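I have placed the structure first, in the form of structure tokens, so that the comments after it can refer back to it.
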Amino acid sequence: MGVFSTIEEEKKKQLNTAKFQSERKVILSAAVPIELENIDTDQIIPARFLKATTREGFGKNLFRDWRYENNDENKPVKDFALNNTIYSGRLLVAGKNFGCGSSREHAAWAIKDYGFDAVVSSFFADIFKNNALNNFLLPVQVSDAFLGKIFEAINKNPGTELEINLEEQYIKITSTGEQENFDINKYKKTCLLNGYDDIDYLLSMKNEIEEFEKQPTH
């Protein structure tokens, strides 16, 4: 059995992998702000909800302990951003050191399943950042000063839209025109732009790899 036969079989097992849609090279959306620092993964998705092994359904329990009083869905915390109807959009904006704590990949699953395509913060925990990229959730790291400007703009107008251009690697506050560049791993950028997971990326290089295999070994 050839290496690509094995890869393609493995690919069939991963058909349910969530994809960052390639048409979203530019995201233009309002944002949901959580102006708190050190938001850890247990706050993002509490440990009692980690029994499931598929990615679907975690969004229901995103920030569960902050969204509801005494875990009662009939008692939403009105002031919490996800429950506040003035906020909407595909972007989550949060304080510094987002995703710290345990390494659970479920945190990225929950944010993505809820409907967010990107998270903006001035610092991400490394493991969370990698988990996010692996699940087609774009972590956009900005300076503390620019994050402050984003929160200020949203506080003035909850409908403020942010533009995230992945190809050119910038984020813009559309109401003011202010923008800042952000960094992203080149390989992960390629994957996001093309909707590739790791196996898709290998398959995209199938011809080059097969040509390389044909070369003499000495």
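The values are calculated or read from the model by the stated rules, or taken from the named source; none is laboratory data. All figures in this text were calculated on a predicted structure; none of them were measured in a lab. Here Cβ is always computed from backbone atoms with ideal geometry, including for glycine, and neighbour counts include all displayed protein chains. The accessibility values were calculated without ligands, DNA or RNA, using every heavy atom of the protein model including side chains. Shrake-Rupley method; radii C 1.70, N 1.55, O 1.52, S 1.80 Å.
A compact table of results
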{"read-out": "Residues of the range 38-64 classified as open to solvent by less than 80 Å² (accessible area, probe 1.4 Å) and charged (D, E, K, R), total", "value": "4"}
{"read-out": "Scope the range 103-133; condition touching a residue at least 60 places away in the same chain (Cβ under 8 Å) and either surrounded by fewer than 18 Cβ atoms within 10 Å (Cβ to Cβ) or β-branched (Val, Ile, Thr) (or both); matching residues", "value": "Ser103, Ile111, Val120"}
{"read-out": "Selected residue [at pLDDT below 95, among the β-branched types (Val, Ile, Thr) and within 22 Å of Leu147 (Cα to Cα)] from Val26, Val3", "value": "Val26"}
{"read-out": "Pairs with Cβ under 8 Å, 6+ apart, first in the range 30-48 and within 13 Å of Phe124 (Cα to Cα) and assigned to a helix (DSSP H, G or I), second at pLDDT below 95 and of a type in the set (S, T, N, Q)", "value": "Thr41/Ser102; Thr41/Ser103"}
{"read-out": "Selected residue [over 23 Å from Phe151 (Cα atoms) and at pLDDT below 90] from Lys60, Lys11", "value": "Lys11"}
{"read-out": "Whichever residue in the range 135-163 is touching a residue at least 60 places away in the same chain (Cβ under 8 Å) and touching a helix residue (DSSP H, G or I) at 6+ places or on another chain (Cβ under 8 Å) and, among such residues, is farthest from Gly195 (Cα to Cα)", "value": "Thr160"}
{"read-out": "Listing of helices (runs of 4 or more DSSP H) fully contained in the range 95-193 that carry 1 or more residues being within 17 Å of Val32 (Cα to Cα) and among the hydroxyl-bearing types (Ser, Thr, Tyr)", "value": "106-114"}
